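The next block holds one structure in the form of structure tokens; read it before the comments.
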Amino acid sequence: MNSQESIPTSKVARATQFAKAGVKVGGNYIKHYSKKIFDSSIAKEDLHEANAADVYETLSNLKGSALKVAQMMSMDKNLLPRAYTEKFALSQYAAPPLSAPLVIKTFKKYFGKSPVEIFDEFNLKAENAASIGQVHQAKKNGKTYAVKIQYPGVAESIRSDLKMARPLAVQLLNLNDVEIDRYFKEVEEKLIEESNYSLELSRSIEITEACSHLPHLFFPKYYPELSSDKILTMDWLEGLHLKEFLDTNPPQDIRNQIGQTLWDFYDFQIHTLRQVHADPHPGNFLMTTDGNLGVIDFGCIKVIPDDYYENYFALINPDTLQSEETIEEIFWKLEFLLQEDSPENQVFFKDIFKTMIELLGRPFQSETFNFGEGTYVDEIYSFFDYIAKLPQLKSAKAARGSQHGLYVNRTYFGLYTLLNDLKAEIKTIKPLWLSPKHLK
């Protein structure tokens with residue numbers, strides 16, 4: 001992969017890149033429909049592939065919030081056609097890296113020294129490059145480290161980037177204006193947190209220590225003395241990303257063990273810590289052929305408020321769905337129902353959200369769940385694709401559902417997708433109060 005010599009940092013330079021991407025998308029539409037006049041067999045997938053390549057090229061060169069939009073959309077597979085999600089998934093750990101001179105310049109700017117003044121050895125070629133920063137391997141006193149360097153200008157360009165990215169998102173996403181505003185507000189909040197490496201350092205230490213007792217799970221140790229506001233240093237972990245791991249054709253018992261580890265990790269965070277690693281994309285995990293799971297990035301953490309937790313997970317227990325009165329009370333608290341809803345719309349949205357809850361809560365209804373059997377995850381994505389096209393939602397003047405649900409739902413979508421890719425069968429460990437009566 002070619003390295004990148006510079007990153008546009010001024011508003012004018014970044015706005016120009018966004019504008020060019022919009023022009024390319026528009027041009028691709030014109031080319032596609034012009035060709036279709038003469039050949040009706042041309043599939044729209046060709047258009048999606050062309051747009052995906054052009055948009056990804058722009059966003060990957062801009063880095064930061066621009067590339068994070070691509071990363072988050074690649075996780076929300078119901079938002080975009082497959083061509084986009086497959087291309088944008090590269091942003092999770094395979095974006096174009098910065099060149100060596102820019103790495104040194106960035107290191108000096110944020111740490112005050114060049115890498116070789118701090119470490120005995122420092123590989124200027126990035127091992128992984130994603131949306132916020134890239135990771136280099138370094139050595140000191142015989143120990144191997146992973147050093148994450150934040151791209152220049154990321155924190156400073158967050159708000160202006162998202163404003164400029166909005167028209168491009170309108171072209172690509174199947175969301176109304178209110179939902180796009182909420183979506184971008186979420187990205188902005190998380191980016192501000194993720195660009196704060198001091199916050200990530202403290203959270204990483206806190207959560208890894210709290211989860212250290214969980215079997216088959218391993219974490220890096222973090223080094224405050226080798227870190228700064230824009231540099232984060234931790235142990236170098238060996239392992240394979242999901243695609244590489246699956247290419248080894250692992251046996252089912254190893255798939256199940258890693259799947260169980262993922263489930264237990266998220267169960268403990270959500271139900272005990274009430275804060276969760278809310279960025280479960282493949283680039284944040286390393287897997288070993290003997291069935292262990294490494295977690296390497298705690299930049300995106302969602303703290304779950306008690307009132308939201310109690311109401312949201314009350315719905316996950318299928319026994320709750322037997323009481324219309326209880327359902328309606330919780331739906332009002334979670335903003336699934338709004339004061340401006342007509343009686344007809346209240347009935348409509350109650351049915352929609354009951355279906356959604358049954359789908360997302362299905363693994364909790366039994367003691368075990370096989371994510372490799374049937375089409376469960378495809379069913380989830382098909383349902384969200386269906387509701388995204390509903391006129392009642394597309395014409396909405398207000399966002400529906402608690403803001404906290406955006407993070408929690410994404411966490412479960414990401415977890416379920418990982419388990420589905422692993423084809424894992426797991427024990428659905430959960431708090432006793434979430435277990436339906438027939439399991440007690």
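Details
- Normalising the average separation of contacting C-alpha pairs (under 8 angstrom, six or more residues apart) by the number of residues puts the relative contact order of region 301-440 at 36 percent.
- Cβ-based net charge around K427, under 12 Å, with every Lys or Arg adding one and every Asp or Glu removing one: -3
- Value in Å of the Kirkwood radius, where region 256-337 supplies the Cα pairs that are averaged: 14.8 Å
- Translational diffusion of region 336-440 was estimated from the Stokes-Einstein equation, with Rh taken as the Kirkwood radius over Cα pairs; at 10 °C and 1.306 mPa s the coefficient is 102 µm²/s.
- Scaling against 2.2 N^0.38 Å puts the C-alpha radius of gyration of region 239-440 at 1.07.
- Using a cut-off of 31 Å between Cα atoms, the listed pairs K148/K427; K354/K423; K333/K430; K243/K354 include K148/K427; K243/K354 as exceeding that distance.
- Put simply, the amide H of L240, placed in the peptide plane, has neighbours under 5 Å in M287, T288, leaving out anything fewer than 5 places away on its chain.
- Counting only residues at least eight positions apart within a chain, or on another chain, the aspartates and glutamates with an alpha carbon under 20 Å from that of K221 are D120, E121, E127, E194, E200, E206, E209, D229, D235, E238, D279, D297.
- Region 417-440-region 273-291 distance, computed between alpha-carbon centres (Å): 17 Å
All of the numbers you see were taken from the coordinates with simple rules; none came from a lab. Predicted, not measured: the structure shown is a model, and the values here were computed from it. As a convention, Cβ positions derive from the backbone with ideal geometry for all residues, glycine included, and neighbour counts pool all protein chains shown.
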